[in-house]
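K.L.:
My questions all concern the structure below.
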Amino acid sequence: MAKPEDTLTLETTKGNVVIAMRPDLAPGHVARIKELVKSGFYDGIVFHRVIDGFMAQTGCPDGTGMSGSGKKLKAEFNKEPHVRGTVSMARASNPDSGDSQFFICFDDATFLDGQYTAWGNVIEGMDNVDKIKKGEPVSNPDKIIKASLGA
């Protein structure tokens, strides 16, 4: 069970999603996510890329998938499999290009294993993730109303 300080709650337009963050897998990524949450960075950000059967991506301040917080993270690839409910960092072709964008897997996506930094797992509200509007880009997208730390 995740410690309360390692729990992230996303209040979304489809309901709450609770993520157990895994500093044991990706300490740098979890620390950065916590900084961004505390600053209010994720509040109001949309799910800009949602592919049915694959994943829902968020964390881009302009909603296009082309920007971030401006702080690149060193990859922390690990052995955690990308399965339903895995939360992992999005990135460009450079392995060390992760920033603020992350995705939640709808289904198994083990072809991503070892190439993306998995840093958490949904422990409550996966049914709400399933309800997020699909599209690439999404028209009238769902969003994170508020992100907060702690149980």
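Every number here is computed from the coordinates shown, using simple stated rules; none is lab data. Model, not experiment: these values are computed from the prediction. Glycine gets a Cβ as well: all are built from the backbone with ideal geometry, and neighbour counts include every protein chain shown.
K.L.:
Could you derive backbone 3J(HN,Hα) for segment 84-94 from the dihedral phi with the Karplus parameters 6.51, -1.76 and 1.60 (θ = phi - 60°), listing whole Hz in sequence and x where the residue is Gly or Pro?
P.N.:
Values per residue, Gly and Pro as x: 3, x, 5, 10, 9, 7, 7, 7, 8, 5, 6 Hz.
K.L.:
If Lys and Arg each add +1 and Asp and Glu each add -1, what is the summed charge of the other residues whose beta carbon sits under 15 Å from the beta carbon of E76? Spell out each step's value before the answer.
P.N.:
On the way: positive: R22, R32, K34, K71, K72, K74, K79, R91; negative: D24, E80, D96, D99, D113.
Here the count lands on +3.
K.L.:
Continuing with this model, one more query. Using Cα pairs closer than 8 Å and at least 6 residues apart in sequence, work out the relative contact order for the chain, in percent. Each step should come with its number before you reach the end.
P.N.:
Details: 383 pairs, mean separation 56.1, N = 151.
About 37 percent, as a whole number.
K.L.:
Non-local amide H neighbours of I145 (under 5 Å, H modeled in plane, Pro and chain starts lacking H): which ones?
P.N.:
E11, T12, T13, G44
K.L.:
Still on this structure, I have one more. Let me check I have the definition right: for segment 3-62, take the eigenvalues of the Cα gyration tensor, multiply each by 5, take square roots. What are those semi-axes in whole Å, largest first?
P.N.:
Working: eigenvalues 80, 39, 31 Å².
Over the Cα atoms of segment 3-62, the ellipsoid semi-axes are 20, 14, 12 Å.
K.L.:
In addition: Largest first and to the nearest Å, give the Cα extent of the chain along each principal axis.
P.N.:
35, 34, 30
K.L.:
Sorted from fewest to most neighbouring beta carbons within 10 Å, what does the list E5, E80 look like? Walk me through the numbers on the way to the answer.
P.N.:
On the way: E5 11, E80 21.
Result, fewest neighbours first: E5, E80.
K.L.:
Each residue of segment 21-31 in turn: what ³J(HN,Hα) in whole Hz from Karplus with 6.51, -1.76, 1.60 and θ = phi - 60°, glycine and Pro shown as x?
P.N.:
Rounded to whole hertz, the list is 7, 10, x, 5, 8, 8, x, x, 5, 4, 4.
K.L.:
Please identify which residues in segment 56-78 have an amide N closer than 18 Å to a label point set 7 Å out from the Cα of Q115, following the Cα→Cβ vector.
P.N.:
Counting only backbone N, you get 56-57, 75-78.
K.L.:
In which sequence would L36, L8 go, from the one with the fewest C-beta neighbours within 10 Å to the one with the most? The partial results should precede the final answer.
P.N.:
Details: L36 19, L8 23.
Ordered by Cβ neighbours within 10 Å, fewest first: L36, L8.
K.L.:
A further question on this structure: For F77 and I51, FRET efficiency with R0 = 25 Å and r from the beta-carbon atoms, rounded to 0.05? Can you show the working numbers first?
P.N.:
On the way: r = 22 Å, r/R0 = 0.87.
For R0 = 25 Å, the calculated efficiency reads 0.70.
K.L.:
Would you mind telling me which residue in D107, D43, D99 has the biggest mean-square fluctuation in a Gaussian network model of the chain, where springs connect alpha carbons within a distance under 10 angstrom?
P.N.:
Of D107, D43, D99, the Gaussian network model singles out D107 as fluctuating most.
K.L.:
Rounded to whole Hz and in sequence order, give me ³J(HN,Hα) for segment 41-46 from the Karplus expression 6.51 cos²θ - 1.76 cosθ + 1.60, θ = phi - 60°, writing x for Gly and Pro.
P.N.:
Values per residue, Gly and Pro as x: 3, 7, 5, x, 7, 8 Hz.
K.L.:
Could I ask something else about it? Report the gain in length on full extension from E124 to S39: 0.36 nm times residue separation, minus Cα-Cα distance, nm rounded to one decimal.
P.N.:
Stretched out fully, the E124 to S39 stretch lengthens by 28.2 nm.
K.L.:
Which residue, K134, K79, K14, has the most motion in a Gaussian network model of the chain that connects Cα atoms within less than 10 Å?
P.N.:
For the chain, modelled as a Gaussian network with Cα springs under 10 Å, the answer is K79.
K.L.:
Cα centroids of segment 1-59 and segment 79-138: how far apart, whole angstrom?
P.N.:
So the two Cα centres are separated by 10 Å.
K.L.:
What length, rounded to one decimal in nm, is gained on full extension from K133 through to S148, with 0.36 nm per residue of separation minus their alpha-carbon distance?
P.N.:
On the way: separation 15, 0.36 × 15 = 5.40 nm, distance 2.22 nm.
Separation in residues times 0.36 nm, less the Cα-Cα distance, equals 3.2 nm.
K.L.:
Which ordering of V17, V83, V30 is given by a fewest-first count of other beta-carbon atoms within 10 Å? Before the final figure, lay out the partial values.
P.N.:
Details: V17 25, V83 14, V30 20.
Ordered by Cβ neighbours within 10 Å, fewest first: V83, V30, V17.
K.L.:
Now for a different question. Straight-line reach from K3: which lysines have a Cα under 19 Å away, not including same-chain ones fewer than 8 places off?
P.N.:
List returned: K34, K38.
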